[in-house]
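**Student:** There's a structure below that I have some questions on.
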Amino acid sequence: MTLSRRLALVACGLAIAGGGLVWLWGRGGGLVDETVALQQRLLSGTVTGRDLKSGVRQVVRNVDKMDRAAVRRVQAALARECQSLQQAAIDDYFAADEDGRVAVLDRDIGRLVAAGELWFAANPQSSGQPPRQRTPKKDADKPKTTEPSQELKLFESYRTAIQARAAKRGVTLPVWLLRPPRG
């Protein structure tokens, strides 16, 4: 075997090994970061229609390549983003004037619809049905409050408004994603 042929074989072997390493590395944290960034973009409220569907399909493809730990990181990031967006939406809703509230609700309806689709996309074992709501544990030691907190009152008012706006527009909301603030 000539020297040039040996060098060509070594170079080819290194290229294959390098390609394999890049492929394996691409399945790890980089894919999680890419998926989380894509979810955030889809939840921005500016992506709709075909672009939203295409983005959700990309999330499904990414999740299918991940191991369980990576999927859990993607799911946790989605939950944090949804909770953060919900709190910001409530703040925006009550800061806006009457006309501005309709625009805030319309934006948030789009975000909620996208969040519902992303929830199913990030849960490869889902049955296509919303999750069962957990029943709260009864704490005998927890003090009973007869009046809800101001934060809970604002949430309830916002939830009522967004459900009414969605019904008026004929949009089905994933209401199981609307969660009261923890406290």
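**Student:** Using Cβ contacts closer than 10 Å as the measure, can you line up W176, W119 from fewest to most?
**Tutor:** Values: W176 13, W119 19.
Fewest-to-most Cβ neighbours within 10 Å comes out as W176, W119.
**Student:** By how many nm would the segment from K153 to V60 lengthen if fully extended, with 0.36 nm per residue of separation less the alpha-carbon distance?
**Tutor:** 29.9 nm
**Student:** Test of understanding: ordering I162, I109, I90 by Cβ neighbours within 10 Å, fewest first, what list do you get?
**Tutor:** Lowest count first: I109, I90, I162.
**Student:** Read phi for every residue in the range 169-177 and hand back ³J(HN,Hα) as whole Hz from Karplus 6.51 cos²θ - 1.76 cosθ + 1.60, θ = phi - 60°, with x for Gly and Pro.
**Tutor:** Karplus values, whole Hz, x for Gly and Pro: 8, x, 9, 8, 9, x, 5, 5, 8.
**Student:** Whole-Hz Karplus ³J(HN,Hα) for the range 79-94, in order, using 6.51 cos²θ - 1.76 cosθ + 1.60 and θ = phi - 60°, x for Gly and Pro?
**Tutor:** 4, 5, 5, 5, 5, 5, 5, 5, 5, 5, 5, 5, 4, 4, 4, 7
**Student:** Using 0.36 nm per residue of separation minus the Cα-Cα distance, give me the extension gain between E98 and R73 in nm, one decimal.
**Tutor:** 5.2 nm
**Student:** A further question on this structure: Please arrange R179, R159, R169 by how many other C-beta atoms lie within 10 Å of their C-beta, fewest to most.
**Tutor:** R169, R179, R159
**Student:** Short version: ³J(HN,Hα) in whole Hz for each residue of the range 33-40, in order, from phi by Karplus 6.51 cos²θ - 1.76 cosθ + 1.60 (θ = phi - 60°), x for Gly and Pro, what are they?
**Tutor:** Karplus values, whole Hz, x for Gly and Pro: 4, 4, 5, 4, 5, 5, 4, 4.
Here, each number is a calculation from the coordinates, and none is a lab measurement. Given the structure is predicted, the values throughout are model-derived calculations rather than measurements. Cβ coordinates were reconstructed from backbone atoms using ideal geometry, including for glycine residues, and neighbour counts include every protein chain displayed.
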